[in-house]
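The values are calculated or read from the model by the stated rules, or taken from the named source; none is laboratory data. Predicted, not measured: the structure shown is a model, and the values here were computed from it. All Cβ positions, even for glycine, are placed from backbone atoms using ideal geometry, and neighbour counts span all protein chains on display. Remember, those area values only see protein heavy atoms, side chains included, never the ligands or the DNA or RNA. Shrake-Rupley method; radii C 1.70, N 1.55, O 1.52, S 1.80 Å.
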Amino acid sequence: MSKVYPNATAALNGLLHNNMTIAAGGFGLCGIPENLIAALHDSGVKGLTIVGNNAGVDDFGMGVLLTTRQVKKVMASYVGENKEFERQVLSGELELELIPQGTLAERLRAGGAGIPGFYTRTGFGTKLTEGKETKVFDGKEYVLEPGITAELSLVKGWKGDNSGNLIYRKTSRNFNPMIATCGKVCVAEVEQLVEIGELDPDHIHTPGIFVNRIIQGKKYEKRIEFRTVQGADPNKKTSSPVRDLMAKRAAQELRDGYYVNLGIGIPTLVANYIPEGIHVTLQSENGLLGIGPFPTEDKIDADLINAGKQTITERPGSAYFSSADSFGQIRGGHIDLAILGAFEVTDSGDIANWMIPGKMIKGPGGAMDLVAGVKRVVAVLEHTSKDGSPKILKKCTLPITGLGVVNLIITDLCVFEVKEGGGLVLTEIHSNVTLDDIRAKTGAPFEVALKK
């Protein structure tokens, strides 16, 4: 029986019903099945549970299903820039199950592989894993996470053939390979559909055994959330003399040969201050090892973005991979250093950086996986909130991202080392700041051992 259908509406015919679970590939707007989402929207099916990294933006991607109230629940790692998504969650109109990004990728992969559950360090002791079974391995606590399956998977490939074999392009691979496997039925759309035998078997990313129906998509918009080019200021909301100071100090933690993950916000500025003679490889959790500089206008590629959804380039020797492989690198301890922003940090190395209850929900994204898996974590944050209250505390007041994971704290006033087992040591004071200033603005005790 032929797997090829003439269009998205025909490919979804007979598969849709109210109150079903649908998983859809993509990261932000990169690699999303545009035609299939449009057909799903036009079908009017309601009461959906949708699974994916995020829900697009207000007027594009899976976000269009939110504005028409076709969705009752979202399982995702990131709310991001979707204001309607955030509004519906905060008002109680939409059920949201937030899942750390790497855990989401692995739950999808496990579901598609017939693995009912697995243990992970990610999220232990946080709000997102409350009530879940835990177990100790080699003296460390792990959380049991269930695999995810869906009634229907929607994925987007670059090239495909009539037997359903798929090839993805650059960072548009992201969640698509795992989502292709987790559905009882998988429908794929591709930019180029070719005859059987025209694709090199060595280049196939998703074998046709996982794909039930396939179409050649039409009129791809391939929107870019943050078109970022050389010569512009991509960090205009992030960059300032004070924040540049923190980024420059954080860059001093880089070592030659390091594999490094930079978080969104101030940490992205660190790439501007890599010391001369130091070679580091930047990893982006959406599926790229070897981030290059921002592109010139003529080199912008909608299939090549970083974790902040900014357009980027690749460096010689770069590699692309799925989100599951990306977080295998992170959870497996293969990343040497993560530099992350934070709302709050404690003197025992706890960090909170993903949610302000009742006010803002961005989602954990990949942060919970990063702090649980990388070798060293540096937190970069302003020393106090706008109202003057300290951000370095004995105990976080906001939902935790990770317990006892931060090794170094860099603020606009100073630098603290976090001792193994807890406790702060003040090692550096920035110019024009006194020790009394720091004591008055820090909500936890600390030792002083200033470096000369």
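Odds and ends about this structure:
- For region 371-444 and region 45-71, distance of Cα centres in Å: 38 Å
- Between I204 and E276, the simple label model (points 7 Å from Cα in the Cβ direction) yields a spacing of 5.2 nm.
- Degrees, to the nearest 10: 101-112 long Cα axis against longest axis of the chain: 30 degrees
- Each part reduced to its alpha carbon centroid, region 275-290 and region 114-131 end up 28 Å apart.
- Computed in the context of the full set of protein chains, the accessible area of the chain at 1.4 Å probe radius has 49% of its extent on carbon or sulfur.
- In region 247-302, GluC sites (Glu not before Pro) in a DSSP loop with at most 14 other beta-carbon atoms within 10 Å: E276
- Dipole of the chain computed with +1 at Lys/Arg Cβ and -1 at Asp/Glu Cβ about the Cα centre; of V185, G421, A247, farthest Cα towards the positive end is G421.
- Per residue, in Å², the accessible surface of the chain once ligands and nucleic acids are set aside, probe 1.4 Å: 43 Å²
- From helices alone, the chain scores -4500 deg cm²/dmol at 222 nm; the rule is -39500 (n - 2.57) for each run of n ≥ 4 DSSP H residues, then divide by the residue total.
- Lysine-lysine proximity count for region 127-212, Cα under 20 Å, sequence distance 8 or more or distinct chains: 6
- C-alpha long axis of helix 241-251 to longest principal axis of the chain, angle in °: 80 degrees
- Placing a pseudo-label 7 Å from each Cα along the Cα-to-Cβ vector at A449 and A10 gives an inter-label distance of 7.1 nm.
- Its relative contact order, with pairs defined as Cα atoms under 8 Å and 6+ residues apart, puts the chain at 14 percent.
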